[in-house]
1. Using modelled backbone amide H atoms (1.01 Å from N, in-plane), which distant-in-sequence or interchain residues come within less than 5 Å of A:Leu265's amide H?
2. Spelling out what I want: for every residue of region B:436-449, take phi, set θ = phi - 60°, compute 6.51 cos²θ - 1.76 cosθ + 1.60 (Karplus), and round to whole Hz; glycine and proline get x.
3. Relative to the longest principal axis of the C-alpha atoms of chain B, give the angle of the C-alpha long axis of helix B:241-260, reported between 0 and 90° and rounded to the nearest 10°.
4. So how do B:195-206, B:328-339, B:12-23 stack up, highest first, on mean other-Cβ count within 10 Å?
5. Given a 1.4 Å probe, show me the residues in region B:191-211 buried by at least 30 Å² of accessible surface when comparing the whole protein assembly to the chain alone.
6. What percentage of the solvent-accessible surface of region B:364-404, computed with a 1.4 Å probe over protein heavy atoms, is contributed by carbon and sulfur atoms?
7. Can you give the Kirkwood hydrodynamic radius of region A:1-113 from its Cα pairs, in Å with one decimal?
8. What whole-number value in Å² describes the accessible area per residue of region A:1-113 for a 1.4 Å probe?
Amino acid sequence: MTLEMLFDMALVGAVVVAAAYAINAPVLIAGVFVYIVFGVLLSLVWVRLGAPDLAIAEAAIGAGITGAIVLDAARQMGMERRRNPRLRRWPGWLSWAATAAVGVIFAGVFLTVSEGRGDLPQRVQAELPRVGVENEVTAVLLSYRGYDTWFEVGVLLVAALGVLALRAPGESPARRFRWDPPAVADGAADMLVPGGILMAGYLLWQGSRGPGGAFQAGAVLAAIAVLLTLLGRPPIARVSDRARDALLVVGFADFLLVGLVAVTLGGALFEYPPAWAAPMILVIESAVAVSVAVTLSLLFAAGGAAGDASEGGVP
Amino acid sequence: MTAHLPVLQVVIPLMAAAVCAALRPARVAWAFAVLVSWTVFVIAVLLLREVLAGGTISYEIGGWAAPWGIEYRIDVVNAFVLLIVSTVGAVVLPYAGDSVEREIRRDQIPLFYTAFLLCLTGLLGITITGDVFNVFVFLEISSLSTYTLVAMGRERGALTAAFRYLVMGSVGATFIVIGIGLLYSVTGTLNMVDLGLRLSELTATRTVPVAFAFLTVGISLKLALFPLHLWLPNAYAYAPSAATAFIAATATKVAVYMLLRFFFTVFGATFSFDTMQLGFVLLPLALVAIFSMSLVAIFQVNVKRMLAYSSLAQIGYITLGISIGTVTGLTAGILHLFNHAMMKAALFMALGCVIYRVGSIRIEAFHGLGKRMPLTMAAFVVAGLSLVGVPLTVGFISKWYLILAVLEQGWWPVAALVLFTSLMALVYIWRVVEAAYFHPSPTDEVAAAVREAPLSLLIPTWILVVVNVYFGVDATLTVEVAGRAAEALLGVPR
């Protein structure tokens, strides 16, 4: 047994334990923390599976932003120390047994599933010169299936609109985070923020050649926005509602515009001429990264805005 | 231009949704949304005509041929579903103008129309595409916008209902994407026709049945098939009236279409019905749904919730038709997609009229409405009779073909159950009729002020009521299209 195998087994075991504990934690807040740990472990799994694109997205979105959203929700509901409500109705062992049963069934199903392999990856690889980028993930996302990705950007827009539609009247998001953070937190932010912005830019630029791209870059930017929000300096509060809406839409609109430019250059929608593909894709990805970042940070900042904006409790 | 109709069918409402979010005041957003819904309706009619005359349309997006890129593929089956969805959209949006102003906070109204158009986009997209991952993307758009629409309901319960729907819907979507992933892992393709060709050689592997199971459960959640229906009654009951009318008439129909597409085009009828014995799973669930949900409907005090339970029973009738697996059975199921969409939209719109004037849809609120709101209540009665399945309405045509399909198999008890549950529908519709026509109105001032609903609500409602009667008297068109769709799915040559 090699060291690598040992590591992988330990990793998988830790993922399973973290997932089960996050569901069955006797105190809710503990479940939330373990859920965040679960996200970090899962991103390591993606690294081991050779999917660094997913690893970055998982770490930033799965562990980072959703973790922050769930934690914030638990805090607002005053659940820090509350026992898991399900455990009042169900004895703890039954909850664990149900989790184990579902886990065993799914594991049993997936372990017996045969590993097939179509020839599509090879065909995609062979066509890369026609697309004009070197990274096959980017080629699939923005060229072959650009239409799907355009709609995925649309899905993010729907999520943001959904959150905006549910806001209480006249509520500005993120008001509840205005406080004076301790100096040490501010100092940490001074280091993390510029580094994060640099990393986002690198991921964006790198996307056409290697792992990275708009979603990863946007997620890292959003993680920074969440950090700043927690420190009482929400970036989203600095822009007007109009500007915020424009930033939400820019990725979606820009994606289509570039797709239409491809049409005027003689191709079909999203069929970029190979010589122009790399710059066109970079233009799309930059705008999408901005929209992803604004959407994700809005999801965090607007959470719980209905009604309890006043500090120190429920009105 | 006409060559691009397939992509315009989806892209027009999507772009319009983005524009709509920026439109102020609310009336402008509304007028714009109505215009878009009519354009979408015209495109759907043109597509159906083209398909009926010239056969299947294939449209490639991005210039990449099918297995790499995304293909839109329209045959009689999805052309018919496109027509159902866009018809309901084109009738409900004009109705929404006044109804929404009563039920939704003013500054939220443009966002309501945005979510409505996005929901329309998602449902049309699921229906039109020939690519399984594209289905998933559109499913996300339609689901997220539906949760938003439900959450906009004026009562607090709307938020809980939307959240519950979100949790169940996300579980369903996850199951669907796992199924799609498994199919991709064995075939290396996402195109439906391509999948169908490759899977026919691969059915012996274990992966394919597992994918089949995940997809069936995931889609059944979306479809609210008993026992995966728990999200539906509250979602329908708390959503704004116009949203309920639209969602109830279209969302579950599109889920049925997805089921049909996966069972017949992707997996193939032989695999679904002979290898996986689908009939034996769907039939009992359909029968339990029909009976138990009709029974629960009888005891509801909230009329909107009553109709929601009735929808669950109607989904049972549709699944019953599918579970038989014959041409007649499928014809009955597909026919009822259209017919149920028309009757349920009309009923929920009539309820919206009552909410507009009375403000409540509890059964007591209907006392004396037969006199005070004669046109609204008449619409409710006609659409209600259609729901029961009285001759000269579309409901009768559905039941007729369903019973025909059941008797072809010699299943007498099932036919008896269909007839008996129709009587149960009569009971719950009668409760409303009794309250409206045989109870005197309350004598207080509020009740005395109740008048007939405005024409802006009545005209769209009555258009659907007329459709219910028209296609009940002359069902040649609907039966012809449903029959051809069933034959196309089963691969029966004409």
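1. Residues meeting the criterion, in which the H sits 1.01 Å from N, do not exist here.
2. 6, 9, 10, 9, x, 6, x, 9, 6, 5, 4, 5, 5, 7
3. Here the helix axis deviates by roughly 20 degrees.
4. Values: B:195-206: 15.4, B:328-339: 27.4, B:12-23: 20.8.
Output ranking for B:195-206, B:328-339, B:12-23: B:328-339, B:12-23, B:195-206.
5. Buried by the other chains: B:Arg198, B:Arg206, B:Thr207, B:Val210.
6. Numbers: 1160 of 1470 Å².
Result for region B:364-404: 78 percent of the exposed heavy-atom area is carbon or sulfur.
7. Working: mean 1/r = 0.0648 Å⁻¹.
Value: 15.4 Å, from the Cα pair sum.
8. Details: 6730 Å² over 113 residues.
Accessible surface, normalised per residue, equals 60 Å².
The values are calculated or read from the model by the stated rules, or taken from the named source; none is laboratory data. Quantities reported herein were computed from a predicted structural model and do not represent experimental measurements. A quick note on method: Cβ atoms are made from the backbone with ideal geometry, for glycine too, and the neighbour counts reach across all protein chains shown. Remember, those area values only see protein heavy atoms, side chains included, never the ligands or the DNA or RNA. Shrake-Rupley method; radii C 1.70, N 1.55, O 1.52, S 1.80 Å.
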